[in-house]
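The values are calculated or read from the model by the stated rules, or taken from the named source; none is laboratory data. What you see is a predicted model, and the numbers here were worked out from it, not measured in a lab. Cβ atoms come from the backbone with ideal geometry, glycine included; neighbour counts cover every protein chain shown.
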Ligand code: KIV
């Protein structure tokens, strides 16, 4: 069954946790979809995980459209949320609507995600008016890494906690259908979750959120760079891939691959008549 804004809201009401994971291509999206996740995030984290950038700032609209469309071809039931890249919505409400439209039309997303709280309420409102579902992203917002001075937990003191609560309420009021909270103290994220009627999805925000999101290379152990505290590695796929490729190298060098069953046959008489 296709996950939609309606089914995701119902999951919150029924305390059925929402599972979101990133994917950036057809094959991975198909695997995640068949595994049964509710929603796939085509995150601008593709800048780090797929394109090798040190942050998400260089990711373009064309990158997001290209990857989102591939994911949409692979996923049947998952609700696809595609990130609006840096400077595709910050510049004006008009740009926000135009670029959100492109992610839906060309990237075949089911919703767009943008980073920011109350400052972006007018942008969210305008996109929602164009019948495009919006997922807001508050707390640690990686596109603002330079303004934050690094990747840090947000909302720890009273003033910052109040601002996060206000941000969450502002994006809900503006019409967001979900809100991602990144690197927010667990007790604060739980309070916000209880106060909102839209689902909250946590990443480094504790188990009190309505759902969780992880970057797939993190949860499958495919990324051996810096590992944030909130990441749990559920399988060592990176190591399995290396082992598989090492066996391929060894058998190719030994000449045991390809074996007879991997080869196409020809009648000996054809070979004999060749010369
Ligand atoms: O881009 C991304 O993968 C994200 C998640 C970390 C929430 O925004």
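Please state which one of 102, 108 is assigned to a helix (DSSP H, G or I), closer than 26 Å to residue 28 by Cβ and touching a residue at least 40 places away in the same chain (Cβ under 8 Å). Please lay out each step first, then the result.
Values: 108 fails: assigned to a helix (DSSP H, G or I).
Selected residue: 102, the only one of 102, 108 that is assigned to a helix (DSSP H, G or I), closer than 26 Å to residue 28 by Cβ and touching a residue at least 40 places away in the same chain (Cβ under 8 Å).
Hey, can you tell me all the residues within the stretch 33-63 that are touching a strand residue (DSSP E or B) at 6+ places or on another chain (Cβ under 6 Å) and more than 12 Å from residue 215 (Cα to Cα)?
Result: 37, 38, 39.
Do we have any residue at all in the stretch 206-214 that's closer than 28 Å to residue 27 by Cα, part of a loop (DSSP other than H, G, I, E, B) and either touching a helix residue (DSSP H, G or I) at 6+ places or on another chain (Cβ under 9 Å) or at pLDDT below 95 (or both)?
The initial filter retains those residues of the stretch 206-214 that are closer than 28 Å to residue 27 by Cα, namely 210-214.
Then keep just the ones that are part of a loop (DSSP other than H, G, I, E, B); that gives 210.
Right, trim to either touching a helix residue (DSSP H, G or I) at 6+ places or on another chain (Cβ under 9 Å) or at pLDDT below 95 (or both) and you get 210.
Yes - at least one qualifying residue is present in the stretch 206-214.
Say whether the condition of being in contact (Cβ under 8 Å) with a residue 60 or more places away in the chain and surrounded by fewer than 17 Cβ atoms within 10 Å (Cβ to Cβ) is met by at least one residue in the stretch 150-172.
Just the residues of the stretch 150-172 that are in contact (Cβ under 8 Å) with a residue 60 or more places away in the chain, to begin with: 151.
With surrounded by fewer than 17 Cβ atoms within 10 Å (Cβ to Cβ) added as a condition, the list becomes 151.
Within the stretch 150-172 (the criterion being in contact (Cβ under 8 Å) with a residue 60 or more places away in the chain and surrounded by fewer than 17 Cβ atoms within 10 Å (Cβ to Cβ)), the answer is yes, since at least one residue qualifies.
Of the residues 222, 240, 181, 226, which is free of Cβ contacts under 8 Å to residues at least 12 places away in the same chain and within 20 Å of the chain's Cα centre (by Cα)? Quick ask: steps written out before the conclusion?
Numbers: 222 fails: free of Cβ contacts under 8 Å to residues at least 12 places away in the same chain; 240 fails: within 20 Å of the chain's Cα centre (by Cα); 181 fails: free of Cβ contacts under 8 Å to residues at least 12 places away in the same chain.
None of the other options fit; the residue is 226.
Is it true that some residue in the stretch 235-257 is part of a loop (DSSP other than H, G, I, E, B) and closer than 28 Å to residue 48 by Cα?
Here is the first cut: in the stretch 235-257, the residues part of a loop (DSSP other than H, G, I, E, B) are 235-236, 255-257.
The next check asks that each one be closer than 28 Å to residue 48 by Cα; those that pass are 235-236.
Looking through the stretch 235-257, at least one residue is part of a loop (DSSP other than H, G, I, E, B) and closer than 28 Å to residue 48 by Cα.
Among (1) buried (at least 23 other Cβ atoms within 10 Å of the Cβ); (2) touching a residue at least 40 places away in the same chain (Cβ under 8 Å); (3) within 20 Å of residue 118 (Cα to Cα), which single condition is residue 213 missing?
(3)
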